[in-house]
Structure formats: structure tokens, C-alpha cells
Amino acid sequence: MKLPKWWKRLGQICFGLVFLWLLVLSWQLYRAASQPVEALLVLGGSIRREIYVAEVSQDYPHAKILISNGSRSPCIWLIFDRANASMKNVCLERCSRNTFRNFYYATPILRMWGVKHIKLITSKTHLPRALWMARIHLGIHKIWVELDMAKEKGVPGNQEFWLKTAVDVARSGAWAIASLFLPPPKCDRIQPLTEVNMPAWLEMGFKCEHQAKLDKIIQQLQERQKSLNP
């Protein structure tokens, strides 16, 4: 069946508009890539990533840090304190439960911060899925993603296989397009690291992943707190 001329013309116009939009977006991402890193996005799954970001954060003193569903809050607080790293620009996002949700909730936060160039911190075992998803979710909103990998000991929680990657990349593409028209999702569990109540955590008791080597520090702080509050 032959299509009407107006239908073909409409298709050509739509194709031209999409092509033009992609050209503009590519130029905006190129410009964003040349700007300094403005934020660090850490994906949960291994405490080594939080240890790493605490170390490298001192190279980005003005950058904001978003840790998406990482380790327990007091553990992250102790990691930054041990590294003498500033906590004032660090936020913890607690709504995510998987990699798709990491970007689902992180993207509107990064957009609200107005950043255009971020560093994504994850592990080698989380690739290429995490990077592809980051480029889709954030790239469509003109945010350039630069990859940085934390060195791991052992095997972190993220394990990759082709079906998992295909499904997540496909739904990331669908949501990325929808996110241009729908209201951004909001996470109601965002906590600045400076607001972590360490005395309460020490009184209640908590454990951190053994790779962080925080057991002695926790014990010392608990004993000190008991001596101050007999």
C-alpha cells in the first residue's frame, strides 16, 4: 500500500528534527566534556568505592558528591573522617535498589545541582553496563559522564551478564526519552553526610564491611562515648 505524500513529508520533517536535536545535544555534551568535573557519582555495591571517593575527593574540593545506595551511613562517615576528607558536599541517596534506580534517582539530583560534567565511580565488574546506562540517563540531559574505577579486592556485589545488560540498557533508553516530558522522580531519603548522627549510631551499634577495617575505630569511639556518658 502506497503511503500518502503528506505522510512521507511528515516523516522527513520528524527525522530532520530528531537529527538536528542530536547534533545540538552532541555539541552540548562536547562542551560539557571540556569543563572541570563538578560532581562525583558513586554507585553502591562495594565499600571500596566509598574508600576511593574519600581519597580522590580532595582532588576535587569544590565538587559535590552523591553516593547512591552505598554502605551504611556511619561507615561512610568514618571513611571520610579517617581520610580527613570534607563531608560538607557529600549526600547519601537511599532510594535505589539496583543500577537502573541508581540513575533513575541520581539524574534529577544532578540536574538540580546544575552540573554538566560528572565522574562516575564504580568497579570494573560493573562495566560496561553502568557506563552505558550513565551515558543514556545523563547524556540526554546534557551531562557528560567520565568514568573512574575503584580498585577491588575480591568480588563486589555487581555481577554482569548479557541479558541483564540488554534489559537495563533498553529500559534506560525508554526512560531517558520519557524523562524529557515527565516530572522527575523524587527520592525522599536523601541525607547530607554532615547530618549523620554518630553518637546515636555508636550507642545503637553497627558493623561495616571488613574491607574498610573500621572495627577498631568503632570500638575506640564507643569506649570514648561510654567514658563521657557513664
Just checking, does region 3-13 include any residue being exposed (fewer than 11 other Cβ atoms within 10 Å of the Cβ) and within 31 Å of the chain's Cα centre (by Cα)? no
Scanning region 196-211 residue by residue, those closer than 17 Å to ILE47 by Cβ and assigned to a loop (DSSP other than H, G, I, E, B) turn out to be VAL196, PHE206, LYS207, CYS208, GLU209
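Being of a type in the set (Val, Ile, Thr), assigned to a loop (DSSP other than H, G, I, E, B) and modelled with pLDDT of 95 or more is the filter; apply it to region 131-189 and report the residue that is farthest from GLY114 (Cα to Cα).
Here is the first cut: in region 131-189, the residues of a type in the set (Val, Ile, Thr) are 136, 140, 143, 145, 155, 165, 167, 169, 177.
Within this subset, residues satisfying the condition of being assigned to a loop (DSSP other than H, G, I, E, B) are 140, 143, 155.
Restricting the remaining residues to those that are modelled with pLDDT of 95 or more gives 140, 143.
On the way: ILE140: 14, ILE143: 9 Å.
Selected residue: ILE140.
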Looking at region 63-129, what strands (runs of 3 or more DSSP E) fall wholly within it and have at least 2 residues that are farther than 22 Å from LYS151 by Cα and not β-branched (Val, Ile, Thr)? 90-93
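The values are calculated or read from the model by the stated rules, or taken from the named source; none is laboratory data. Since the structure is predicted, the reported quantities are computational estimates derived from the model, not experimental observations. Don't worry about glycine lacking a Cβ; one is built from the backbone with ideal geometry, like all the others, and counts go over all protein chains shown.
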